[in-house]
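The values are calculated or read from the model by the stated rules, or taken from the named source; none is laboratory data. These figures come from a predicted structure and were not determined experimentally. Heads up, the Cβs are rebuilt from the backbone with ideal geometry, glycines too, and the neighbour counts pull from every protein chain shown. Surface areas here come from the heavy atoms of the whole protein model, side chains and all, with no ligands, DNA or RNA. Shrake-Rupley method; radii C 1.70, N 1.55, O 1.52, S 1.80 Å.
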Amino acid sequence: MTTPHNGDWDDDLADLLQRLVTLGPTPGGPAGAPTAPPVPPMPSVPPMPTVAPQSPPAAPAGTGPVVDEWWRKSGPVVHTPVPLGGDQTAERPSFEAAAQAFWAPVGQILTQQVPHIAEQVGQQVTQLMTETEAQRHAREQVQYEAVVAAQRAVRDSQFAAAGETAEQRTERHRIEDALGPGHRRDDLVGMVDLLAERIGETPDERATRRRAEHELDRQRARAREDAARAAAGETPEQRTRRHREQQLADRREARTRARRQRRRAARTAGPSDRTRRFRRWCVLTAISATGGWATGLVPLIAPGGPFVGLLVAAFGWALDLQVRDRGRQRVSEVTGPFPLITLVALRVPVASGLAVAAGLDRLLAALPLN
């Protein structure tokens with residue numbers, strides 16, 4: 001028994017007591033016999049060790065942490081903590097440092113990509129808000145044709161790797177074009193169908209079809225130009241300014257076309273229609289001139305001569321054109337009581353100036369109008 005904390009301490013104490021009882025006298029023995037010493041009571045709790053446990057000795061430099069028992073063999077065994085990596089330090093980084101190290105690449109990626117993505121989204125939104133319906137259809141058509149061309153290029157490379165010849169590729173392209181949507185046959189049957197379609201359409205339908213084809217071709221050309229300029233580095237502000245200039249040019253072209261159509265329609269109209277419109281203009285102008293004589297405008301500008309009359313007529317004509325939608329509505333096309341009264345009242349300066357310039361003021365003075 002070498003330690004009070006031995007596992008056989010109870011057994012040894014029991015053997016000692018048994019020997020004392022066996023060797024010592026009984027309570028009823030002869031007088032003068034030696035008595036056995038009192039048996040000490042059994043301790044309920046083992047005594048604590050007199051020496052405090054010591055920490056394990058420090059490991060030599062370069063050998064790493066030492067795993068050893070620093071208690072008795074029969075006592076609890078305590079191991080020193082060992083890190084997962086043998087070459088790592090015992091100090092662990094803080095949670096903030098680990099989170100910062102984890103999110104640093106993410107922040108760098110977001111800093112580089114978010115402005116580029118925002119710029120692309122802004123360009124697309126600006127383009128969708130500023131472009132017209134025809135421009136949108138043309139842009140989508142050009143994008144569709146670009147996708148189809150890219151797919152055909154991929155197929156050509158694959159077939160060329162498989163050993164396709166130039167003649168086979170040409171035939172395959174012809175078949176793909178014939179099977180594509182909106183394709184018109186280029187044989188005799190297709191020519192007959194096209195001829196029947198052209199013979200059956202009216203002049204208005206033919207003009208509408210030609211205008212639609214011209215507009216579609218122009219919008220597709222502009223969409224290709226937008227794609228080429230965007231690839232060359234054109235900014236959204238420059239594209240918007242160029243589109244505005246194109247829209248102004250289109251409006252000028254539309255006004256010119258409408259004016260030519262009106263002149264053509266006037267030339268093709270019958271003489272009776274032109275005569276009726278001229279008579280209506282003369283009657284309305286005479287009524288306005290009579291109103292100018294009655295209000296005193298003709299006697300006021302008559303001493304100035306024809307030049308003053310022409311100047312007053314020019315100012316009145318400018319006001320008249322502004323009221324009649326800048327001349328888009330003719331004088332003979334005004335109908336209704338209130339519009340006619342307004343037209344006659346507004347054309348008083350024009351009629352008065354024309355009457356003085358043409359020398360009709362004397363004729364108006366001879367008439368019993370007062």
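What the table below lists for this structure:
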read-out	value
Normalised contact order of the range 267-370, rounded percent, pairs of Cα under 8 Å and 6 or more residues apart	44
Accessible surface, per residue, of the range 145-300 when the full set of protein chains is kept, probe 1.4 Å, Å²	73
With all protein chains modelled, accessible area of Arg259 [1.4 Å, Å²]	100
Potential extension, Ala118-Leu346 segment - 0.36 nm per residue separation minus Cα distance	76.5 nm
Heavy-atom accessible surface of the range 239-302: percent carbon and sulfur, 1.4 Å	56
Additional length obtainable on full extension of the chain from Arg264 to Gln247, 0.36 nm per residue less Cα span	3.6 nm
Mean Cβ count within 10 Å, highest first, over the residues of peptides 326-336, 204-214	326-336, 204-214
Options Leu321, Pro306, Val356, ranked by Cα towards positive dipole end of the range 268-370, top entry (Cβ charges)	Leu321
Virtual spin-label span in nm between Ala212 and Phe278, 7 Å along Cα→Cβ	4.0
Burial order of peptide ranges 110-122, 277-289 (average beta-carbon count within 10 Å, highest first)	277-289, 110-122
Spin-label pair Val323/Glu96, simplified geometry with 7 Å Cα→Cβ offset, distance in nm	8.1
